[in-house]
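The values are calculated or read from the model by the stated rules, or taken from the named source; none is laboratory data. These numbers come from a predicted model, not from an experiment. Note that we place each Cβ from the backbone using ideal geometry, even for glycine, and neighbour counts take in every protein chain shown. Ligands, DNA and RNA are excluded from the accessible area calculation, which covers all protein heavy atoms including side chains. Shrake-Rupley method; radii C 1.70, N 1.55, O 1.52, S 1.80 Å.
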Amino acid sequence: MIQTLDVSVVYNGGPPALRDVSLRIEKGEFIFIVGPTGMGKSTFLKLINREAVPAKGKVIVAGRDITKLEARHIPELRRQIGVVFQDFQLLPQKTVWENVAFALQAIGADRHRIYREVPRALELVSLTHKANSYPQELSGGEQQRVSIARAIVNNPAIVLADEPTGNLDPETSWDIVQLLSKINIRGSTVVVATHDKYIVDGMKKRVVAIENGQVVRDEPGGYHHAVTEELGILPP
Ligand code: ADP
Ligand code: MG
């Protein structure tokens with residue numbers, strides 16, 4: 001569970017990027033944070049992995065107020081969180097396999113675990129056949145799938161995706177958001193910041209709109225996407 005209570009974030013004395021934001025995200029939820037550029041979406045995600053520290057309010061992640069977290073405990077928090085970025089942020093000199101393995105090496109996983117989990121993650125994103133390719137040999141959608149594999153290889157409780165479809169065409173964007181939905185169904189809480197109306201409208205998930213640092217709308221999700229698939233309802 002993720003909860004913010006009356007959170008405000010101020011960057012170097014400027015106007016608040018977030019103002020008195022109180023939002024509760026349940027364990028296992030899939031939620032979109034939407035709103036125009038500059039309205040505070042990325043800042044909201046940064047609160048959750050403690051890249052941003054609020055000027056006031058509480059941020060509770062897995063039962064803990066992380067605003068009070070000591071620096072030495074931050075890696076522990078971040079180990080429970082996978083992050084996906086708009087620009088993929090893959091290491092160009094490493095192969096797909098190595099990029100995903102790197103996330104596990106960074107947290108001190110042993111070889112046994114790496115050789116077990118990397119193939120699983122690549123399988124999940126359907127990129128087993130590209131394991132030995134380099135990022136520049138992949139399409140944008142494939143690169144984003146690698147970055148999703150990297151984000152989830154550690155089985156995180158939470159996945160944060162900041163404009164994950166920002167560099168992709170509509171069809172590929174739809175695939176990526178479906179993949180994030182699959183990861184949600186596997187058990188991770190997924191928070192997606194986006195201004196991409198196409199993917200939001202197609203998904204029938206909870207949508208929280210942020211404008212000028214405040215929550216202006218919070219619409220509950222419709223039926224679960226797995227159900228829409230069963231019924232054969234197609235995306236727009
Ligand atoms: P969004 O993701 O919705 O585009 P952001 O959360 O990135 O919005 O930004 C919200 C506001 O905070 C904007 O006015 C932006 O300029 C400002 N901001 C974001 N990050 C920083 C930073 N590191 N330093 C100063 N201002 C920032
Ligand atoms: Mg942003």
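Candidates are the residues of region 1-45 that are among the charged types (D, E, K, R) and in contact (Cβ under 8 Å) with a residue 24 or more places away in the chain; the one that is nearest to residue 69 (Cα to Cα) is 6. Considering the conditions (1) at pLDDT 95 or above; (2) crowded, with 18+ Cβ neighbours inside 10 Å, residue 56 is excluded by exactly one of them, (2). Pairing each residue of region 140-154 that is more than 11 Å from residue 124 (Cβ to Cβ) and touching a residue at least 40 places away in the same chain (Cβ under 8 Å) with any residue that is open to solvent by 40 Å² or more (accessible area, probe 1.4 Å) and in a helix (DSSP H, G or I), provided the two are 6+ apart or on different chains, yields C-beta distances under 7 Å for 154/79.
Enumerate the strands (runs of 3 or more DSSP E) found wholly within region 3-121, keeping only those where 1 or more residues are on the phi > 0 side of the Ramachandran plot and away from ligand 2 (no atom under 16 Å from the Cβ).
Because the criterion is at least 1 residues that are on the phi > 0 side of the Ramachandran plot and away from ligand 2 (no atom under 16 Å from the Cβ), the strands (runs of 3 or more DSSP E) in region 3-121 that meet it are 16-25, 56-61.
Against the test of being of a type in the set (Ser, Thr, Tyr), away from ligand 1 (no atom under 16 Å from the Cβ) and out of contact with any helix residue (DSSP H, G or I) (no Cβ under 6 Å at 6 or more places or on another chain), the options 133, 173, 139 yield a single qualifying residue, 139.
Total residues in region 93-118 satisfying the condition of being of a type outside the set (A, V, I, L, M), touching a residue at least 12 places away in the same chain (Cβ under 8 Å) and open to solvent by 50 Å² or more (accessible area, probe 1.4 Å): the figure is 4.
The sole residue among 173, 181, 126, 147 that is touching a Leu at 6+ places or on another chain (Cβ under 8 Å) and at pLDDT 95 or above is 147.
When you check residue 90 against the structure, is it without any contact (Cβ under 8 Å) to a residue 40 or more places away in the chain, open to solvent by less than 80 Å² (accessible area, probe 1.4 Å) and of a type outside the set (Lys, Arg), yes or no? No, not satisfied. Is it fair to say residue 198 is more than 16 Å from ligand 1 (Cβ to nearest atom) and at pLDDT below 95? The answer is yes for residue 198. Does region 192-202 contain any residue that is in a loop (DSSP other than H, G, I, E, B), in contact with a strand residue (DSSP E or B) (Cβ under 9 Å, 6 or more places away or on another chain) and among the hydrophobic types (A, V, I, L, M, F, W, C)? No, the conditions are met nowhere in region 192-202.
The residue of region 161-191 that is most open to solvent (accessible area, probe 1.4 Å), among those that are among the aliphatic types (A, V, I, L, M), over 23 Å from residue 113 (Cβ atoms) and in contact with a strand residue (DSSP E or B) (Cβ under 9 Å, 6 or more places away or on another chain), is 185.
Scanning region 202-216 for residues that are of a type outside the set (A, V, I, L, M) and either under 21 Å from residue 15 (Cβ atoms) or open to solvent by less than 80 Å² (accessible area, probe 1.4 Å) (or both), we see that the one that is farthest from ligand 2 (Cβ to nearest atom) is 202.
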